[in-house]
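To start, the structure itself, in structure tokens.
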Amino acid sequence: MTCEIRGIREPPRCEAPAEQRPTGLAVRSAATGSRAAPTPEPVARLQEVWTTPPPPSSQQQVTNQDLVAEALLKRPKRTPRGGWRRGLHRATGGVVNLGDSTNEQRNRALAARIEQPIRNDYRVALLSLKGGVGKTTVTVGLGATFASLRGDCVVAVDANPDFGTLAQRVPLQTNSTVRDLIAARPDIKSYSDVRVHTSQSSSRLEVLASEQDPAISEAFSEADYRQVIDILQVYYNIILTDCGTGIMHSAMNGVLDLANSLVLVSSPAIDGARSAAATLDWLQLHGYGHLVERTVVVISAARPGSSVIDMDALVDYFMRRCRAVEVIPFDEHLAEGSVMDLELMRPATRRAFMELAAMVADDFADAVGRHAVSEWH
């Protein structure tokens, strides 16, 4: 039997009922005897049914990790540490407790960042191309902040080959210098053997002084610095290095090779900012681009009063090149150039050093796996 459609004679097509029609299987054509291609959509639908996971159950997501004390305990507010809130708390016998102020909450958050643990030791090099910008002051302020808030050991090393003044910013407890420490290296067996060569401030920051004898003509070299780090890294978790002015002297090669991060100190002035920018250029061109990315720039005000420099524009420039920027305001106590005490700083200055320490500490976790190794030859 044939059918005719518009003059074209075709054999009739016989279609199986819907419930008997093969799906997704290769069938033989009755007309040609060849195998027809399988229908793809039903297979795709079957695969979707077989491979799509069932929707997660809310009960499967609950674990013992969700049972935390902070979510269950109804703890009272913290007792205010100071100000009118503390006075009100005392006057009412603790009945009225407004808790910490916003400023205290921020300080506690900064302290939590500063106190995060460190694997091995972490080395920070503080440098500047121009003298008189407050590099040594920032070294002591940063180190004192770390030492006062952390439970581990923090030391600052004076790596200035030209009679540095770092040791003058803490109470003098010993006349020992970096060279005395190196000479005593064969006999060092414990922390106390190193401690006799350092002076310690009220914040627990220890300082290892540079050579002060003008009769010694040999400058502090790269080999000397590497030996010092070999000793200190065993007993100290944070090692700050107060570098000399400039970046071309011998010790700087070792300082940069062994540093985990940099703190570049500048002043809020055209010449200081240009010197800091030139330092970043030099580091980038000499294979230390990885340190530029982890540099924190500190703009330290050496004089009171507002500057004619556009600070927002200056901060924005360095933010586009480095990891963070901190501004240290002028402080009469810091301007004395003598022994530094955190308790004698203005609140704004102390807060700025806490922010700086938190910025540096933010890199602690990322330093794992890329720690520089000191090798003495």
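For the stretch 157-188, give me the residue count where each residue is over 17 Å from Gln227 (Cβ atoms) and of a type in the set (A, V, I, L, M, F, W, C). The qualifying residues number 5.
State yes or no: is Gly131 surrounded by fewer than 20 Cβ atoms within 10 Å (Cβ to Cβ) and touching a Ser or Thr at 6+ places or on another chain (Cβ under 8 Å)?
Against the criterion (surrounded by fewer than 20 Cβ atoms within 10 Å (Cβ to Cβ) and touching a Ser or Thr at 6+ places or on another chain (Cβ under 8 Å)), Gly131 qualifies.
Looking at the stretch 142-158, which of its residues are among the aliphatic types (A, V, I, L, M), in contact with a strand residue (DSSP E or B) (Cβ under 6 Å, 6 or more places away or on another chain) and outside any strand (DSSP E or B)? Once the filter is applied, which keeps residues that are among the aliphatic types (A, V, I, L, M), in contact with a strand residue (DSSP E or B) (Cβ under 6 Å, 6 or more places away or on another chain) and outside any strand (DSSP E or B), the stretch 142-158 yields only Ala147.
Any read-out appearing in this document is the output of simple, stated calculations on the displayed coordinates, not a laboratory observation. Quantities reported herein were computed from a predicted structural model and do not represent experimental measurements. With ideal geometry, Cβ positions are generated from the backbone for all residues, glycine too; neighbour counts draw on all protein chains shown.
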